[in-house]
Amino acid sequence: MRARVIIVPRPEVLDPQGRAVAHALSGLGFAGVRDVRVGRIVYLTLEDGLGRAEAAREVDRMAKELLANLIVEDFTVEWID
Amino acid sequence: MSTHSEITPEAIARHGLTKDEFAEIVRRLGREPNYVELGVFSVMWSEHCAYKSSRAHFHLFPTTGPTVILGPGENAGVVDIGKDKDGNTWGAAFKMESHNHPSFIEPYQGAATGVGGILRDVFTMGARTVACMDALRFGEATHPKTKSLVAGVVHGIGGYGNCMGVPTIGGNCGFDPCYNGNILVNAFALGIVRKDRIFKGTASGVGNPVLYVGSATGRDGIHGATMASAVFDDDSQAKRPTVQVGDPFTEKLLLEACLEIMTHDWLVGIQDMGAAGLTSSSFEMASRAGAGMDMDLDCVPQRATGMVPYEMLLSESQERMLMVAKKGHEDDVLAVCKKWGLEAAVIGKVTDSGRMRCSWQGHIVVDVPINAVVDDCPRYDRPRQEPADLDARRALDLDSIADQPLAADLVRLLGRPDIASKRWIWQQYDHTVRTSTQVLPGAADAAVLLVRENGARLAMSADCTERYGHADPWACGAHAVAEAVRNIACVGAEPLGLTDCLNFGNPEIPEVMWAIREAMRGLGDAAKALDCPVVSGNVSLYNTTGDQSILPTPMVAAVGRLPDGVEPVRMGFVEAGDAIYLLGRFRPSLGASRWLQEYLGHHQGRVSAVDLDAEKAVSSLVRLLIAQGVARSAHDLADGGLAVALAECAIQAQGGPRGVRCAMPSPQDSGTARHDERLFGETGASILVSVRSSQRSEIEALAADVGVPANYLGEVGDLNAAFEIGSLHAPTADLADAYHNGFERSVLGGAQ
Amino acid sequence: MRVAVLQFPGSNCDDDCMQAFGRVLGCEASLVWHGETSLPAGTDLVVLPGGFSYGDYLRCGAIAAHSPVMSATKRFAERGGTVFGICNGFQVLTEARLLPGALLRNAGLAFVCKDVALRVESQHSDLTARVAPGSQLVMPIAHMEGNYFADAATLDAMEARGQIVLRYVDRATGEPAQTANPNGACRNIAGVANERGNVIGMMPHPERAVEDVLGGTDGLALLAALVAQVSARAA
């Protein structure tokens, strides 16, 4: 069972990395970009014994306690398999 | 790839071995090597590990002297920095090493792992690493790749050194078209070690266990040493996977674990797994002890699955050490590694066979005599030839150029990225961690570091003016040493020793080999004359892209010590009304000068003749003036000559930029009547100092005593007053703006 | 006066803190390994030094905030003990939720090492209780993630309670200016305290400015005031 935790800066938080990437894209001639946010992805491979519901609860806790900092970041969890 | 892959002529060529070298391997083994052994010979006989083109000329360097505790041959050299209050003698271990090719391919990781490698070389001696410097060369500022290479390299150096908590306190950075396709990243590190606790890379004591400590082995950087020994071509860009990735966090843990292990009497020897990884460390350690070694490759911690012996032996995974422990202490070593969260395993033992035997999955995969690989590796005295156009290179006709000492020239030179403040670079390096940096980067001609262990103050500076090597590589080598020694003298320090990083093109080209030998001879001559022995170093050849070799770049880093009680001075002027003196033999030449490069775009002509007696005299005079508290500031003449040096002292004055009112040195005092040559011509053996106006007779008497010219030029002005030397007048604010913002403007495209 | 300097894997200002509190200020300072589950008996002050704890992987300070010694530190703070984080130590304290807000990547996206001028904004903390508000201090910063962030409501509440203890200011005017902000921090904030004033974090390095020969003594003034305040309370 594998989960993908996607962590991005919250919308109201300034993201200098995202701004720099946006600037670089426009410098390269890509005109259609309105905004860029740079985040991170954490792939988790979980023990098979866990049920999906229990696994979902665990991953949610992991994200809140360590993987993301909710003061400045939001996260979403996607299940790969 | 396995032990059974076929040994074809293509395989031999791919391993960078010549037909003759392969025949020699067969002769020494009495059989054909298997594929793993071929890989072992290939890396151990590479230029990078074996110094096969340069070793024949090492005798040109002085390597002994009263200050030398350990000369070349170990992981780093060690010089004596005095005793502590308990009577223990302390040493400074230091070395400089190149990471040129990896940094061109992947600037961040290339530069970062360069720093990581040199730090390991130093702490493997048992030394606590306390300072780094970096000497960098890039292509033209306007070259399309330069900006991203500069940003990547600087970010990489900072990323590694900052995390390690080792301050980066000095260095230099230059730009020339010859580096467009082959940048230079030369990293220097210095550590402090008690003389009786220096560790060496030796594997003695039959039956003693061999331990592997650090990161697990992956497939990183296989054949990096061979890459560093080959000409760069377009394919090199596609060699990205061979670049290693650095993990400074693990290195920090490795540093602390090693130093903790070394406080006990557990180790016989230790060596970093650098270029050529497990192979070079194991062979060199056994070779130094005249011993043999058995290794079980199944015990090597592995990061990737399915690794074969060829990969394990040649991997250049970073942050790894090989240790030989005293029998019975392996568990003590393993326990400390566990505390620091490091991989560690016993992978073999020392034998008396004189052979390296590696087993894997029940088979012997390597069985070769150690001295056949290490001690008797091929050495070449390659053919040398003076370039046919040497006379043309040395010719410079100035008569066709109008003699115009323009203020605009000074502003333009100060704004060149080579000369302008490198603040953009060093602000990205933590230069105050460890709270021992007394003179910060850019403030003086050398950085000054306080050594907590015994209160000694060390000065260090890295220098090379590669332009001088175009027409006179001997002078280039000699000037590099002279400038480094002058720079540490300008903060008041006596030289203790130096390390070098010899960057050149393809040694198989006789004109390049001629330049290598000439530069080494110049370096050696100056090191002898200035009492600054060579204690360690590194050679980087094949810095060639297509048919373009780089200019000879014999980079030198000198380390010195301030006498107890002497306070260092900076380059900036101190107070309005102070008298400005030009000390030493002032013989400026526009030949191969920065001014010439800026205006004519070439390096023609001869540099000012090297006068080592004059160098020695002016360095000792400036040390005396600093020790006696007479000199309030000191700065040597270098790139851009007298006008640039004077402007730098004015711009960096205490409290903000100050004006100066100076007369031009007379033609008699300069050896030239041209105004531009007196202002912008470059010379050795010349230092600008400022003294209180009340001490003019004192400095003149002290200089006369030792027979060194002391030419009174004028006085320091008020804050923001005009800058005046002879007929050249410029607003100080314009000079300061060019100096402070020139680097960002020219390299990064706009003030930041 | 007993000072516990926490040592995480990757801490690199631990020794500088030992020097400043031990050798220079004469406290009884000791290093405490991150795996310890309790602080040494009689600890008066816990210092979290700068560095790159756990390589600063994931987020600066995030992994350190979950180490065993931080549980002990939280209990110490709850009992009113003084906890002081510098640079990476400040990041650890925000990640451990002992201090409000978070520290983001510098606005310039680059590591910055240079001297900055600070102004003491409030006496509402053990660090600044004995320093006159408005005092200007110069000391180095050295960080990649010092861009202090908290939402506007949190910042307003912190201002009201005096939890903003240090701001970056222009050396000439003494006022917070955009040009004097080295990392893009909200409202030029360089250091904050918790509501109670016993947990303090700051990005600049006072321990690197404790000797005239090495970059001034403004940091020493601040650390001496902290030690005096904690000693007075312990007495």
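The values are calculated or read from the model by the stated rules, or taken from the named source; none is laboratory data. Source: prediction; values computed, not measured. FYI the Cβ positions are ideal-geometry reconstructions off the backbone, even for glycines, and counts take in every protein chain you see.
Here is how the numbers come out for the structure above:
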quantity: Filter result (on the phi > 0 side of the Ramachandran plot and outside any strand (DSSP E or B)) within region B:128-178; calculated: B:165
quantity: Unique residue being among the small types (Gly, Ala, Ser), surrounded by 18 or more Cβ atoms within 10 Å (Cβ to Cβ), in contact (Cβ under 8 Å) with a residue 40 or more places away in the chain and within 24 Å of residue B:677 (Cβ to Cβ) when the list is B:653, B:643; calculated: B:643
quantity: Scope region C:33-55; condition surrounded by fewer than 21 Cβ atoms within 10 Å (Cβ to Cβ) and touching a residue at least 24 places away in the same chain (Cβ under 8 Å); matching residues; calculated: C:33, C:34, C:35, C:36, C:37, C:38, C:39, C:40, C:42, C:43, C:44, C:55
quantity: Among (1) more than 30 Å from residue A:24 (Cα to Cα); (2) acidic (Asp, Glu); (3) at pLDDT below 95 - the single one residue B:80 does not satisfy; calculated: (3)
quantity: Test: residue B:630 is in a loop (DSSP other than H, G, I, E, B) and at pLDDT 95 or above; calculated: yes
quantity: Unmet requirement for residue C:140, which otherwise passes all of (1) within 14 Å of chain B (Cβ to nearest Cβ); (2) surrounded by 22 or more Cβ atoms within 10 Å (Cβ to Cβ); (3) touching a helix residue (DSSP H, G or I) at 6+ places or on another chain (Cβ under 6 Å); (4) outside any strand (DSSP E or B); calculated: (4)
quantity: Filter result (touching a residue at least 24 places away in the same chain (Cβ under 8 Å) and either part of a strand (DSSP E or B) or among the hydrophobic types (A, V, I, L, M, F, W, C) (or both)) within region A:1-38; calculated: A:1, A:2, A:3, A:4, A:5, A:6, A:7, A:8, A:9, A:13, A:38
quantity: Options B:609, B:617, B:579: the member that is more than 28 Å from the chain's Cα centre (by Cα) and surrounded by fewer than 24 Cβ atoms within 10 Å (Cβ to Cβ); calculated: B:579
quantity: Region B:723-735, residues that are outside any strand (DSSP E or B) and either surrounded by fewer than 23 Cβ atoms within 10 Å (Cβ to Cβ) or without any contact (Cβ under 8 Å) to a residue 12 or more places away in the chain (or both); calculated: B:726, B:727, B:731, B:733, B:734
quantity: Total residues in region C:69-111, condition touching a residue at least 24 places away in the same chain (Cβ under 8 Å), over 25 Å from residue C:18 (Cβ atoms) and not in a loop (DSSP other than H, G, I, E, B); calculated: 2
quantity: Odd one out for residue C:9 among (1) in contact with a Ser or Thr (Cβ under 8 Å, 6 or more places away or on another chain); (2) more than 8 Å from chain B (Cβ to nearest Cβ); calculated: (2)
quantity: Single unsatisfied condition, residue B:91 versus (1) at pLDDT 95 or above; (2) within 27 Å of residue B:381 (Cβ to Cβ); calculated: (2)
quantity: Cross-chain or 6+ apart pairs with Cβ under 7 Å, region B:605-630 first and under 23 Å from residue B:564 (Cβ atoms) and touching a residue at least 12 places away in the same chain (Cβ under 8 Å), then assigned to a helix (DSSP H, G or I) and of a type outside the set (A, V, I, L, M); calculated: B:619/B:486; B:630/B:695; B:630/B:698
quantity: Some residue of region B:501-515 being part of a loop (DSSP other than H, G, I, E, B), in contact (Cβ under 8 Å) with a residue 60 or more places away in the chain and either of a type outside the set (Asp, Glu) or crowded, with 24+ Cβ neighbours inside 10 Å (or both); calculated: yes
quantity: Some residue of region A:40-52 being assigned to a loop (DSSP other than H, G, I, E, B), more than 14 Å from chain C (Cβ to nearest Cβ) and farther than 30 Å from residue C:64 by Cα; calculated: yes
quantity: Single residue of region B:401-428 satisfying the filter (charged (D, E, K, R) and over 15 Å from residue B:172 (Cα atoms)) that is nearest to the other protein chains (Cβ to nearest Cβ); calculated: B:412
quantity: Verdict on residue B:291 being at pLDDT 95 or above and touching a Phe, Trp or Tyr at 6+ places or on another chain (Cβ under 8 Å); calculated: no
quantity: Any hit, region B:319-330, residues being out of contact with any strand residue (DSSP E or B) (no Cβ under 7 Å at 6 or more places or on another chain) and free of Cβ contacts under 8 Å to residues at least 12 places away in the same chain; calculated: yes
quantity: Residues that are facing chain B (nearest Cβ under 9 Å) and either without any contact (Cβ under 8 Å) to a residue 12 or more places away in the chain or more than 17 Å from the chain's Cα centre (by Cα) (or both), drawn from region C:12-22; calculated: C:15
quantity: Subset of region B:88-108 (residues that are over 16 Å from residue B:118 (Cα atoms) and either assigned to a strand (DSSP E or B) or among the basic types (Lys, Arg) (or both)); calculated: B:89, B:90, B:91
quantity: In region A:1-39, the residues that are among the β-branched types (Val, Ile, Thr), away from chain C (no Cβ under 14 Å) and farther than 18 Å from residue A:77 by Cβ; calculated: A:33
quantity: Test for residue C:162: is it out of contact with any Ser or Thr (no Cβ under 9 Å at 6 or more places or on another chain) and on the phi > 0 side of the Ramachandran plot; calculated: no
quantity: Single match in B:479, B:431 (criterion: closer than 28 Å to residue B:532 by Cα, modelled with pLDDT of 95 or more, buried (at least 24 other Cβ atoms within 10 Å of the Cβ) and away from chain C (no Cβ under 14 Å)); calculated: B:479
quantity: Residues within region C:63-106 that are within 14 Å of chain B (Cβ to nearest Cβ), among the aliphatic types (A, V, I, L, M) and crowded, with 23+ Cβ neighbours inside 10 Å, tallied; calculated: 2
quantity: Pick from region C:185-215, criterion within 14 Å of chain B (Cβ to nearest Cβ), in a loop (DSSP other than H, G, I, E, B) and touching a residue at least 40 places away in the same chain (Cβ under 8 Å), ranking: farthest from residue A:16 (Cα to Cα); calculated: C:210
quantity: Scope region C:107-137; condition within 14 Å of chain B (Cβ to nearest Cβ), within 21 Å of residue B:435 (Cα to Cα) and out of contact with any Phe, Trp or Tyr (no Cβ under 8 Å at 6 or more places or on another chain); matching residues; calculated: C:112, C:114, C:115
quantity: All positions within region B:102-118 that are out of contact with any Pro (no Cβ under 9 Å at 6 or more places or on another chain) and of a type outside the set (Val, Ile, Thr); calculated: B:102, B:103, B:104, B:106, B:107, B:108, B:117
